[in-house]
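Values in this text are rule-based calculations from the coordinates and carry no lab data. Keep in mind the model is a prediction, meaning the values are calculated, not measured. Cβ placement follows ideal geometry from the backbone for every residue including glycine, while neighbour counts extend to all protein chains displayed.
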Amino acid sequence: MPSATLPAPFGAIRIDCDETGTVTGVAPRARRADRHVDPAVPSEVVAAFDAYLQDGRVHPVCRATVPRDGFVGRVLDAMQRIPPGEVRTYGELAALAGSPRAARAVGAACAANPLPILVPCHRVVGVHGLGGYSGGGLGVKTWLLAHEGVDVARWTAAVTA
């Protein structure tokens with residue numbers, strides 16, 4: 001499976017593609033890594049992530065395999081509509097996905113998201129704080145949100161208050 005690893009200020013991003021160049025997985029990590037790009041990874045995929053790392057207002061767009069079935073598909077679809085620099089709570093996302101009382105299930109859908117950053121689960125926060133982030137930990141989530149212009153102190157203050 002072709003892949004690319006891109007160094008990032010928070011560590012690195014690994015991007016997996018299938019043989020057609022469709023992104024099948026994204027894994028932000030807090031651990032640093034050297035740049036490595038398999039020649040089979042389309043240059044536009046690498047360019048999209050490089051552009052995002054330079055400017056958080058530029059959401060990376062590339063062909064990707066995003067689950068679209070059932071509740072999880074509705075949650076991932078709603079997540080993709082959250083613009084850079086904005087956040088939604090788990091409850092708000094549950095309502096957007098058509099299940100207003102399923103905030104915890106939204107958290108599970110976020111944790112199962114195979115395409116963090118492309119499907120921006122880092123833009124989903126708890127009412128009382130940032131919540132979790134299986135895409136590399138809270139340090140990565142904090143960096144991504146701040147990079148996009150979110151006032152992260154507002155959400156971290158809610159946890160320590």
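Of note:
- For q = 0.29 Å⁻¹, Debye-computed log10 I/I(0) when each Cα of the range 3-54 counts as one equal scatterer: -1.20
- Karplus-derived 3J(HN,Hα), 6.51/-1.76/1.60, for each residue of the range 34-49, Hz, glycine and proline x: 6, 6, 8, 10, 5, x, 7, 7, x, 4, 5, 5, 4, 4, 5, 6
- Percent antiparallel among DSSP beta bridges (both partners in the chain, rounded to 5): 85
- Note on S134/S99: beta-carbon distance plugged into 1/(1 + (r/R0)^6) with R0 of 22 Å gives a FRET efficiency of 0.60.
- Averaging 1/r across all pairs of distinct Cα atoms in the range 70-160 and inverting the result yields a Kirkwood radius of 12.7 Å.
- With all pairs of separate Cα atoms included, the chain yields a Kirkwood hydrodynamic radius of 15.8 Å.
- Cα centroid separation, the range 54-100 to the range 18-42 (Å): 21
- Most positive-pole-ward Cα, V152, P114, P7, against dipole of the chain from beta carbon charges: V152
- Cut-off under 5 Å, modelled amide H: who pairs with G129 long-range: none
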